[in-house]
Amino acid sequence: MRYLEQTRTARVSARLTHDELHERLWRPLQIEPVDPTVVVDELARDAEGGLIGSAGDRFYAWVIGGTLPGALAADWLTSSWDQNAALHSTAPAAAVVEEICGAWLKELLGLPAESSFALVTGGQMANTTGLAAARHAQLAAAGWDVERRGLFGAPPLRVLASAAQHGVIARGVRFLGLGTDCLVELPVDRLGQVESRGLEEALSTWRGSPLVVALQAGDINTGAFDRYRELIPPAKAAGAWVHVDGAFGLWANVSQRYRPLVDGVAEADSWAVDGHKWLNVPYDCGYAFVRHPAAHAGAMTYRASYLTHAEEARDQMDWNPEWSRRARGFATYAAIRELGRRGLAELVERACSSARDIVSGLGGHPRVEVLAVPIINQGLVRFLAPDTDVASAHDRFTDRVIERVQADGEAFFSGTTWHGMRCMRISVSSWQTDGRSVTRTVAAVHSALDALVASYASD
Ligand SMILES: *Cc1c(COP(=O)(O)O)cnc(C)c1O
């Protein structure tokens, strides 16, 4: 509770180096037991200084959400109950709660009601689950039972994936034995949206092979969305399975204002979404949805004589890659109830307007160049080094400003290279970020920037 109470006031970066933390936390492996209260008190004391303030309101690096109070408390219950949510018979309440979460999530995200779903560890496993279902269906259509025969000698499956795709797709095809050589890059425009011409050319080149088209909802740099109405019909007409990585972007559907961005996305065959980002539930939590339950179960299900399968209820093992697993549905159930449709729409809209306000606030400084005004909750700026027009000087300066802001501890951003330029990403997913956080953040970045400019002038 002490930790939670200071998330809006404490510094957001770690104070201690790796070696300092190691020195604090390391102990010779002991022989005798230690009182658990002492263990926990010492852990809380020793980890402090090595914690990043992502549970607070001024954390904008990568794409990282906080944790809603109800979701956090439900997560404490989850650990206390210690249910194994593999099957209905091993954890009946957890199984029923997951069934309910699946129905609620499909409704919130605007996905087809007949879709099957899985509550997995995060976006990586949600995408891998969708791709596993795609692999099953596309190879079955080519007369190949991949679960029995594996991939040796199988017809080669191609994954036509957006060039702006997150690395989870490449790792997913590695895990699934398809190998990254199966990936065919689809060209994108400046914002990271797949171009129809490029897709149509790739489809005509690879027509006849088992195909998956991987699109995205929410580019991690610009927040851009693919044009589903334009891209999905030709992909389907060519017999492809369409998968959408919507780790954070699919949440746009909960807001009337942002819903047009996901128009047509429900025509895809599988979708991956995160819970631990924009829904603000604790790690680990992601969701996979598949329009074709038989393909999904075909990739995941397993029967063994020692397992007890439910007749009426849903067994998670039929849909999930794990066997024993955390009952992660409780936190999702609590988060959705705690917010309601209205609260969730407000959370999403507040994050988007905070991202826009930070970008425009930063842009008020003459040494800030705005590169991507947020479409949703992601934006990009860079910092211009004084007295130079050498590109590499701006790159170095941008990295120095990011480091300085982190060291000051008032706000936390991460960098990226976008179209050859070093940039600072502004990514807002926390339920806690509001107008006050924005004001404080803009002031912190401007002051770090001014201090660096002054140090250049005195050099
Ligand atoms: C975060 C993210 C992922 C990876 O999700 P994890 O939950 O970190 O596994 C995949 N795609 C996009 C677009 C993301 O933002």
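The values are calculated or read from the model by the stated rules, or taken from the named source; none is laboratory data. The structure displayed is predicted, hence computed values, not measured ones. Heads up, the Cβs are rebuilt from the backbone with ideal geometry, glycines too, and the neighbour counts pull from every protein chain shown.
Things to note:
- Qualifying positions in region 296-307 - surrounded by fewer than 24 Cβ atoms within 10 Å (Cβ to Cβ) and either touching a residue at least 12 places away in the same chain (Cβ under 8 Å) or among the acidic types (Asp, Glu) (or both): Ala297, Gly298, Ala299, Met300, Thr301, Tyr302, Leu307
- Scanning region 97-137 for residues that are closer than 21 Å to Arg174 by Cα, within 13 Å of the ligand (Cβ to nearest atom) and not in a helix (DSSP H, G or I) returns Val120, Thr121, Gly122.
- Count - residues of region 134-178 that are closer than 22 Å to Ala272 by Cβ and of a type in the set (Lys, Arg): 4
- Pairs with Cβ under 7 Å, 6+ apart, first in region 255-267 and on the phi > 0 side of the Ramachandran plot, second surrounded by fewer than 16 Cβ atoms within 10 Å (Cβ to Cβ): Gly264/Arg229
- Count of region 214-248 residues which are within 16 Å of the ligand (Cβ to nearest atom) and of a type in the set (D, E, K, R): 3
- Annotation for region 18-33: no member residue is of a type in the set (Phe, Trp, Tyr) and either within 16 Å of the ligand (Cβ to nearest atom) or in contact with a Ser or Thr (Cβ under 9 Å, 6 or more places away or on another chain) (or both).
- Test: residue in region 253-264 that is part of a loop (DSSP other than H, G, I, E, B), surrounded by 19 or more Cβ atoms within 10 Å (Cβ to Cβ) and touching a Leu at 6+ places or on another chain (Cβ under 6 Å): no
- Selection within region 42-73 - away from the ligand (no atom under 16 Å from the Cβ), in contact with an Asp or Glu (Cβ under 9 Å, 6 or more places away or on another chain) and not basic (Lys, Arg): Gly49, Gly50, Asp57, Leu68, Pro69, Gly70
- Residue that is farthest from Trp251 (Cα to Cα), among those in region 105-120 that are surrounded by fewer than 21 Cβ atoms within 10 Å (Cβ to Cβ) and in contact (Cβ under 8 Å) with a residue 12 or more places away in the chain: Glu114
Residue-wise test of (1) of a type in the set (Lys, Arg); (2) in contact with a strand residue (DSSP E or B) (Cβ under 8 Å, 6 or more places away or on another chain).
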residue	(1), (2)
Ser13	no, yes
Pro28	no, no
Ile31	no, no
Asp35	no, no
Gly49	no, no
Ile64	no, yes
Thr67	no, no
His88	no, no
Lys106	yes, yes
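- Qualifying residue in region 296-318 (condition: assigned to a loop (DSSP other than H, G, I, E, B) and within 16 Å of the ligand (Cβ to nearest atom)): no
- Restricting region 167-186 to residues that are crowded, with 19+ Cβ neighbours inside 10 Å and in a loop (DSSP other than H, G, I, E, B), the residue that is nearest to the ligand (Cβ to nearest atom): Leu176
- Single residue of Ala140, Ala154 found to be in a helix (DSSP H, G or I), of a type in the set (A, V, I, L, M, F, W, C) and surrounded by fewer than 19 Cβ atoms within 10 Å (Cβ to Cβ): Ala140
- Residue within region 266-283 that is assigned to a helix (DSSP H, G or I), within 16 Å of the ligand (Cβ to nearest atom) and surrounded by fewer than 24 Cβ atoms within 10 Å (Cβ to Cβ) present: no
- Helices (runs of 4 or more DSSP H) completely within region 1-73 that count 3 or more residues being farther than 30 Å from Gly340 by Cβ and without any contact (Cβ under 8 Å) to a residue 12 or more places away in the chain: 18-25, 36-47
- Positions within region 408-454 being under 19 Å from Asn377 (Cα atoms), polar (S, T, N, Q) and not in a strand (DSSP E or B), in sequence order: Ser429, Ser430, Gln432, Thr433, Ser437, Thr439, Thr441
- Matching option when the condition is touching a residue at least 24 places away in the same chain (Cβ under 8 Å), of a type in the set (Gly, Ala, Ser) and surrounded by fewer than 24 Cβ atoms within 10 Å (Cβ to Cβ), among Gly208, Gly239: Gly239
- Reported count of residues in region 87-104, each being farther than 30 Å from Glu5 by Cα, within 21 Å of the chain's Cα centre (by Cα) and either buried (at least 18 other Cβ atoms within 10 Å of the Cβ) or without any contact (Cβ under 8 Å) to a residue 60 or more places away in the chain (or both), is 3.
- No other residue among Arg382, Arg396 is without any contact (Cβ under 8 Å) to a residue 60 or more places away in the chain and crowded, with 16+ Cβ neighbours inside 10 Å apart from Arg382.
- Unique residue being over 25 Å from Met300 (Cβ atoms) and either under 19 Å from the mean Cα position of the chain (by Cα) or away from the ligand (no atom under 15 Å from the Cβ) (or both) when the list is Leu199, Leu211: Leu199
- Scanning region 67-86 for residues being crowded, with 22+ Cβ neighbours inside 10 Å and either of a type in the set (Gly, Ala, Ser) or modelled with pLDDT under 95 (or both) gives a total of 3.
- Scan region 249-265 for residues that are within 16 Å of the ligand (Cβ to nearest atom) and β-branched (Val, Ile, Thr) and the total you get is 2.
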